Amino acid sequence: MYKILQEVSAGSGGEELAAFFEGEGNGGSGGLPPPEDELAQGREELGMPPRSLNPDDKQTFAILKADGKEYWGINGRKPIAIQVNAISRDHAEIDALNQLFLDRQASGIRGGNAILLVDRPPCPACGTNGGIRSGVRAAWLDELKVIFGPGLDSGGNLIPGGEITILP
């Protein structure tokens, strides 16, 4: 069992989380290493607690892979240079995309695809309401594949892990 699973209790959707992290339905990541390994290691290196299904734990971590680099994003208030909605601006996905934007602004790189690993599903502000798409546009990406772990919605219902592709 992965380190990231140690904090999951049987009553919190643990079976579904374990199935995702053991490779059953991990978003069809196309030959990539399991995202949970990288995310768990990054969380540990940053001193973050292990991944939880609790949507209120305020501990999201993201790894953006673009231009041969990794950009690590964590949630929390920080200055960002890209225009996004007020809720998304403090989220891990936008933190990582903002770092890419700043690098690309300095280097002049445009276009290309990227992969974003996130340890929980995008919230409505980042997904449905376009926060991540705003970051994709700002960073001049042609396509972003978001691979995310499972989580719970505000009603306590399991949202399975998966992947989505976001175009500018």
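Results, tabulated for the structure shown:
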read-out	value
Contact order relative to length of the stretch 48-147, as percent, for alpha carbon pairs under 8 angstrom and 6 or more apart	30
Where chymotrypsin sites (Phe, Trp or Tyr not before Pro) fall in DSSP loop in the stretch 73-168, at most 16 other Cβ within 10 Å	140
Kirkwood hydrodynamic radius of the stretch 98-168, Cα pairs, Å	12.9
Mean separation of Cα contacts under 8 Å (6+ apart) over length of the stretch 114-166, as relative contact order %	41
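A short reminder: the numbers here are calculations on the coordinates, not readings from a lab. Since the structure is predicted, the reported quantities are computational estimates derived from the model, not experimental observations. Cβ atoms come from the backbone with ideal geometry, glycine included; neighbour counts cover every protein chain shown.
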